[in-house]
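Comments concern the structure below.
All of the numbers you see were taken from the coordinates with simple rules; none came from a lab. Computed from a prediction, not measured in an experiment: that's the story for all the values here. Neighbour counts are summed over all protein chains in view; Cβ atoms, including those assigned to glycine, are modelled from backbone coordinates with ideal geometry.
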Amino acid sequence: METGKQHYHLIAAALAAASLVAALPESAAEQPAPGQPGFGELLIKAAKASPGCLGIETGRTTSGTLVIFAWFEDKKAIVTWYKSDFHQRAMKSVFPKQNFNREPLPDMPEGSGPILALVTLRPGEKPPSSALPVPMQTIGIELYTPLPGGVAVGGRFSPETVRIPGLRRIELKSAAEPDR
C-alpha cells in the first residue's frame, strides 16, 4: 500500500473509531472495513453528508500523528453522526468487544455548538492485537468550541459556516498596506 493511501485510510479509521449518516449506495456487506482500501473515502463522504456537519479537514503533524478536524453545527449534529449506521458499524468493526450502547455527551448541554471534533491517531507498525484490525498506538478525540475573538487575514482554517463571535476579518491586501 502506498504511504499516502495508508495515511488516508488510517485517518479515516481514526474518525470511525473515535469520532463522535449518510445513506450510501453500497450495502454494509459491500463496504470496506476500517483500514481497508476505499474505507476512508466512504467514511469522509458519510461524515460530510451527515446533517449538521460543517466541514472536515485532515492532516499529519510533524511527529507523525494523523489528525482529523471535523466541525459540527451543535451537539445534536455530532450525536447524529455518532449514532449513524455507518459510524456504529465502523466503531464495532474496529473495537468489536466494546459496548457502544450509551448516550454520547451526557454532560454537554443541548444546543452547544459549534463543535470541533479533533480526532488524533498515532499509527503503529502492526495491529496491537488480533481483535483490532487497524495498526495504531493511540487514538483520541477532543471536543472544542470557538472562543470569541481572533483574526482572519485573507481567510481562515475553519469552514465559513462555523460561527466565531467577534472574529476580525482583514483582507490580505489591506493587511500588507501601511497603517495611516
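Compared with the direct C-alpha span, the chain from T145 to E110 gains 11.2 nm at full extension, assuming 0.36 nm per residue. Each residue of the stretch 86-101 is assigned a 3J(HN,Hα), and the resulting list reads 4, 5, 4, 4, 5, 4, 5, 6, 7, 10, x, 8, 8, 9, 10, 8 Hz, derived from the Karplus form 6.51 cos²θ - 1.76 cosθ + 1.60 (θ = phi - 60°), x at Gly and Pro. For K92, neighbours were defined as the other residues whose beta-carbon sits under 15 Å from its Cβ, and their charges (Lys and Arg +1, Asp and Glu -1) total +3. Of all lysines in the structure, those lying under 29 Å Cα to Cα from K83, and not within fewer than 8 positions of it along the same chain, are K5, K45, K48, K75, K92, K97, K126. Backbone amide hydrogens, once placed in the peptide plane, bring G150 within less than 5 Å of R168, excluding anything fewer than 5 places away on its chain.
Listed by chain and number, the lysines placed with their C-alpha closer than 18 angstrom to that of K173 amount to none; residues fewer than eight positions away on the same chain are left out.
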